[in-house]
1. Identify all residues within the range 40-54 that are open to solvent by 80 Å² or more (accessible area, probe 1.4 Å) and in a helix (DSSP H, G or I); write none if there are none.
2. Please specify each residue of the range 7-22 satisfying the condition of being open to solvent by 40 Å² or more (accessible area, probe 1.4 Å) and assigned to a helix (DSSP H, G or I).
3. List the number of the failed condition for residue 57; all other conditions in (1) charged (D, E, K, R); (2) over 12 Å from the mean Cα position of the chain (by Cα); (3) open to solvent by 90 Å² or more (accessible area, probe 1.4 Å) hold.
4. Scan the range 27-57 for residues that are at pLDDT below 90 and not polar (S, T, N, Q) and report the count.
5. Would the range 23-39 turn up any residue that is in a helix (DSSP H, G or I), surrounded by fewer than 17 Cβ atoms within 10 Å (Cβ to Cβ) and out of contact with any helix residue (DSSP H, G or I) (no Cβ under 9 Å at 6 or more places or on another chain)?
Amino acid sequence: MRIRHAQKRFYRAVPELHDLQCNVVATRHLNSSSNPASAAIMDLSIEALESPISRAKHKLSNILKSHNLN
């Protein structure tokens, strides 16, 4: 039950990301894709994918903390 609650918080926070970050999270995490697979799906290099992933993780953490959800 706790995992389901955490998933709901995560899904509510994702739309607050910038478009590219949201797309990266959706492609990589929600579809359980690897970095190379996600990069291929998004027509990006792996290096171009890594920066938005890092920024998205940081922003999601801040969003969840600001909502007292983390």
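1. 41, 47, 50 - these are the residues of the range 40-54 that are open to solvent by 80 Å² or more (accessible area, probe 1.4 Å) and in a helix (DSSP H, G or I).
2. 7, 8, 9, 10, 11, 12, 15, 16, 19, 20
3. Here residue 57 clears every test but (2).
4. Here the count works out to 3.
5. Within the range 23-39, none of the residues are in a helix (DSSP H, G or I), surrounded by fewer than 17 Cβ atoms within 10 Å (Cβ to Cβ) and out of contact with any helix residue (DSSP H, G or I) (no Cβ under 9 Å at 6 or more places or on another chain).
The values are calculated or read from the model by the stated rules, or taken from the named source; none is laboratory data. Treat the numbers as computed from the prediction; the structure is a model and nothing was measured. So basically every Cβ, Gly included, is an ideal-geometry build from the backbone, and we count neighbours across all protein chains shown. Note: accessible area is taken over every heavy atom of the protein model, side chains too, but ligands, DNA and RNA are not part of it. Shrake-Rupley method; radii C 1.70, N 1.55, O 1.52, S 1.80 Å.
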